[in-house]
Amino acid sequence: MAETHTKPEPVVSTTRCYTVSYASDAKYNPLPAVILEGRWLEEAGFATGILIEVKVLPDCLILSVKKQSPIPPEPEIMQTLRKVCKFSARKQRQVTELIEVISKPQR
């Protein structure tokens, strides 16, 4: 039984036709270029700013979204340091003195 509040998936046309044009290098030599643009790119999973991978085969280019490793969370000490940077100069000196006292080797 279908759910009552489902949205249909957007239909993305699977075939697009483009012409290989050219761009110039630093010495104004022509280089083959393909420019893809359109809202369909985002609908297909290619949002602005993401990294893509291009596989090159004879007479075939395969574009895919490059999977990025997740950014590790910032260490707790760095989060605390950011908070300390917002303190007044006097409080920053106090924190520095505290760190110096507790970091000295005990006798």
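The values are calculated or read from the model by the stated rules, or taken from the named source; none is laboratory data. Computed from a predicted structure; not experimentally measured.
For the stretch 1-47, a tally of residues being modelled with pLDDT of 90 or more and among the hydroxyl-bearing types (S, T, Y) returns 6.
Of all residues in the stretch 54-73, those that are part of a loop (DSSP other than H, G, I, E, B) and either more than 17 Å from the chain's Cα centre (by Cα) or at pLDDT 95 or above (or both) total 2.
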